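Input: a single structure, listed below in structure tokens.
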Amino acid sequence: MLESYSRCWTEIDYDAIAHNVEEIQKLVGDTKIMGIVKANAYGHGDVECAKALQKVGVDFFGVSSVDEALHLRQNGIHDSILILGYTPPEHFHYLIEENIIQSLVSYDYAQKLDAYAKEAGTKIRCHCKVDTGMCRTGVIYQVQEKNMDQILAEYRMEHLIVEGIFSHFPVSDDLGQESAAFTKKQIELFEEVCSNLRKEGINPGIRHIQNSYGILNYGDLKMDYCRPGLLYMGVTSDDAIPIASKPDFIPILSWYANVSLVKWIQKGQSVSYGRHFIATKPTKVATVSVGYADGLHRLVSNCGLEVLIHGQKCPIIGNICMDQCMVDATQVDDVKEGDVVVLVGKQGDHRVTIDEISRKSQSINNETLSDIAGRVPRLRRREK
């Protein structure tokens, strides 16, 4: 892949991560940060983000898979790495060889891991996952069913070193009464598990439960670690969602493409596949070198999404193609081939945000950012 500030590219301000971490720390006090860098750090570059986080004292990283953990190790990240998801048994050996921490996705899974470690004559580092309400992975510990015996058994397995315990919030982004009550009950259940462990003479180890919205809305839990993902990248899942705090984040990613062609079309002429845009008057059409294969979802076709050219807002018209899209640039003087188009970022007096793309595609920023394709270079921000 050519790493060029042309055709279609992102620019990432890795230096701004330090500011965003400082804002997170204001919310959580002495709680330490586990930087979540899964999915290539939500499309921002896992190694680059991890190294920027290390510079401001972050010493723990979360990933989704053993492949992601190995990628960090191979690129010089030697701090603790927790695999938040499932590692197949055929890859258990990497946990030992690369000193990687595995989350215990179930009691049966913990037994398999313990048996493997016994056979290998070693011990494997783990964190106990407690399901307090997500109903995804972990030992269920909810109002309807409390499997404390399984949690105790995991801690007592001879060939596992259970260094920590964690859970996950499904509705910490919702400040409504019902969702807030659900989240507070999760916190109560998690603390109950930790208390039960201590009563049995077991140190729960590192405790962590706050995801990004858990940090924004429940920052004072005094856990050992919290798990920000998008927050240190300077955005939330959707800037329209109300939050209980007022952090001052800096979005670190901007997204650009070039104008490849400018032409005038006349009334009655149509644009792109399906002929969903038909001109009602003479229209200056700029073709832009970005499409759905780059991560600009086809779902945002013909719905009023705007980009910036020469600092002016221009709506996308017609269906977005695999590698290109078209915009109405009638109001933009002197637009020409090679001009920079801003999909996310600031130009002149206007700004377009990733949130606008996400809302138009009925998604969230987590998905939109993660979907920016691998063929789009992640380049360091240039000084403007």
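Tabulated data for the structure shown
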quantity: Accessible area in the full protein assembly, largest first, 1.4 Å probe, for K38, K346; calculated: K346, K38
quantity: Separation of the D67 and T122 label points, Cα + 7 Å toward Cβ, nm; calculated: 2.3
quantity: Local net charge near D238, Cβ-Cβ under 13 Å (Lys/Arg +1, Asp/Glu -1); calculated: -4
quantity: Top of F60, F166, F182 by mean-square fluctuation, Gaussian network on the chain, Cα under 10 Å; calculated: F182
quantity: FRET efficiency for E200 and S179, using Cβ-Cβ distance with R0 set to 41 Å, rounded to 0.05; calculated: 0.80
quantity: Neighbourhood net charge (13 Å Cβ-Cβ; Lys/Arg +1, Asp/Glu -1) for N20; calculated: -3
quantity: Distance between modelled label sites at Q74 and M322, nm, 7 Å Cα→Cβ extension; calculated: 2.7
quantity: Surface per residue (accessible, 1.4 Å probe) for the chain, Å²; calculated: 45
quantity: Listed values (i) 35, 29, 19; (ii) 36, 22, 18; (iii) 45, 21, 19, entry calculated as semi-axes √(5λ) of the Cα gyration tensor in Å; calculated: (iii)
quantity: Accessible area of H19 in the full protein assembly, 1.4 Å probe (Å², nearest 10); calculated: 50
quantity: With every protein chain in place, the chain: carbon and sulfur % of accessible area (1.4 Å); calculated: 48
quantity: Label-zone membership for the range 118-137, site H159, 7 angstrom Cα→C-beta point, backbone N under 11 Å; calculated: 118-124
quantity: Per-residue [θ]222 nm for the chain (sum of -39500 (n - 2.57) over DSSP H runs n ≥ 4, rounded to 500); calculated: -8000 deg cm²/dmol
quantity: Most fluctuating residue given options D173, D333, D46, as computed from a GNM of the chain linking Cα atoms under 10 Å; calculated: D333
quantity: Rounded, prolate or oblate (a/c below 1.5 giving rounded, otherwise prolate when a/b exceeds b/c) for the range 129-253 by Cα gyration tensor; calculated: prolate
quantity: Cα gyration tensor, the range 1-102 - rounded (a/c under 1.5), prolate or oblate; calculated: oblate
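The values are calculated or read from the model by the stated rules, or taken from the named source; none is laboratory data. As the structure is a computational prediction, the values presented were derived from the model and not from experiment. Every residue, glycine among them, receives a Cβ derived from its backbone with ideal geometry; neighbour counts consider all protein chains shown. Note: areas computed on protein heavy atoms with side chains; ligands, DNA, RNA excluded. Shrake-Rupley method; radii C 1.70, N 1.55, O 1.52, S 1.80 Å.
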